Amino acid sequence: MSKPSTTLIHHPYTPPANFAAPQPGIYKASTVFFADVAAMRARDWKTKAGYTYGLHGTPTTFTLEERLATLEGGTECLLVPSGLAAISLVSFAFLKSGDEVLIPDNAYGPNKALATGELANFGITHRMYDAMNPSDLAAKLSDRTRLVWLEAAGSVTMEFPDLPALVKACRARGVVTALDNTWGAGLAFAPFDFNGSGQGVDISVHALTKYPSGGGDVLMGSVVTRDERLHRALKLTHMRTGFGVGVGDVETLLRSLPSIGLRYAAHDRSARELARWLAGREEIAQVLHPALEGSPGHANWRALCGGADLAAGLFSVVFDESFSTEQVDRFCDSLNLFRLGYSWGGPVSLVVPYDIGLMRDASVARWPHKGTLVRFSVGLEDVEDLRADLQQALARM
């Protein structure tokens with residue numbers, strides 16, 4: 001008879017099947033058992049038909065991947081440790097030495113940093129294009145261009161581009177398009193099927209850290225596509241780079257995901273109300289929010305998102321140039337409910353001042369404003385409390 005230590009490890013009990021509950025079961029595994037050598041040799045890690053090793057998927061990660069693919073209207077999904085890891089995975093999968101990638105001037109800063117750092121070290125060049133000018137993108141596409149990044153809206157300056165026109169220019173040259181869809185979250189518009197046209201991007205990346213998590217406590221990203229060929233290339237790079245996610249974080253995402261629609265709409269309502277209120281303040285020269293008339297790309301937002309009438313709970317303001325950077329910093333420091341912090345999509349409202357001069361390439365698109373820009377991420381607090389917080393901070397400038 002086996003000793004207790006061996007019996008505890010190799011205990012024969014198996015719980016009965018067909019257990020059903022609101023949340024799926026959580027499977028933690030690096031090692032996966034096989035019934036026999038034949039099964040081990042026959043198992044293919046590249047499909048969801050079975051399990052081979054924790055990095056290649058468990059029932060828990062497969063469940064989240066399938067739900068995220070459905071959310072964004074795709075068919076295949078891969079999980080990675082962060083939104084930036086999702087961007088990196090796409091770039092590593094489709095770019096090699098001698099290739100070129102085009103990035104919008106208003107893109108997420110770390111995407112640009114990846115291009116000037118690792119990609120440049122690998123012999124991959126990049127150029128910036130004016131996201132609000134499809135002709136500028138079309139003119140910059142070359143025989144070396146293998147990947148074009150898109151972003152809607154710009155993560156700080158909030159311009160909303162004409163996505164269908166940008167994608168059309170890339171399709172004409174057979175260039176892969178990848179969209180950072182963190183702002184849209186799979187809710188504001190369908191990234192793979194613009195307005196039911198059947199046209200859309202090739203790949204959608206998503207910082208699950210934001211709205212899918214909703215708690216400000218998870219780092220994770222996803223890469224979704226409808227194209228099996230592209231997915232296979234991504235899957236191979238995913239394996240070779242060793243990207244994996246913690247199952248505890250996957251569990252958190254599975255619990256949060258069912259409420260994403262309610263939360264997104266709540267963030268949106270409060271953000272629009274505060275953005276409209278700030279637009280009437282004499283301290284503010286410009287409010288940058290795609291759903292507000294007069295904001296750059298508003299017509300593009302309405303054409304693509306007007307049916308759902310949704311926008312993220314994110315907007316920026318440009319202070320009147322009569323206010324110094326020090327005064328704007330004092331405004332930010334005086335806020336109580338809006339906390340200083342990066343990211344967005346969580347329950348707590350956030351604020352960050354930005355130096356646009358350090359973020360934009362003046363040779364691509366001239367920034368028209370002279371005042372300091374501040375970005376707000378509106379959380380789930382009562383909107384009247386948030387308005388009062390903004391009002392008292394403006395009074396302290």
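Figures for the structure shown
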{"quantity": "In the range 51-67, the residues that are outside any loop (DSSP other than H, G, I, E, B) and touching a strand residue (DSSP E or B) at 6+ places or on another chain (Cβ under 9 Å)", "calculated": "53, 54, 61, 64, 65, 66, 67"}
{"quantity": "Test: residue in the range 117-133 that is β-branched (Val, Ile, Thr), touching a helix residue (DSSP H, G or I) at 6+ places or on another chain (Cβ under 8 Å) and either at pLDDT below 95 or closer than 30 Å to residue 294 by Cα (or both)", "calculated": "no"}
{"quantity": "Elements of type strands (runs of 3 or more DSSP E) in the range 68-157, at least 1 residues being among the hydroxyl-bearing types (Ser, Thr, Tyr)", "calculated": "125-129, 145-151"}
{"quantity": "Residues that are outside any loop (DSSP other than H, G, I, E, B) and either modelled with pLDDT under 90 or surrounded by 10 or more Cβ atoms within 10 Å (Cβ to Cβ) (or both), drawn from the range 32-50", "calculated": "39, 40, 42"}
{"quantity": "Residue that is over 17 Å from residue 77 (Cβ atoms), in a helix (DSSP H, G or I) and touching a helix residue (DSSP H, G or I) at 6+ places or on another chain (Cβ under 6 Å), where the choices are 259, 270", "calculated": "270"}
{"quantity": "First in the range 116-128 and closer than 16 Å to residue 88 by Cβ, second anywhere and among the aliphatic types (A, V, I, L, M) and part of a helix (DSSP H, G or I), Cβ under 7 Å, 6 or more apart", "calculated": "126/115; 126/119"}
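The values are calculated or read from the model by the stated rules, or taken from the named source; none is laboratory data. What you see is a predicted model, and the numbers here were worked out from it, not measured in a lab. Backbone-built Cβ (ideal geometry, glycine too); neighbour counts: all protein chains shown.
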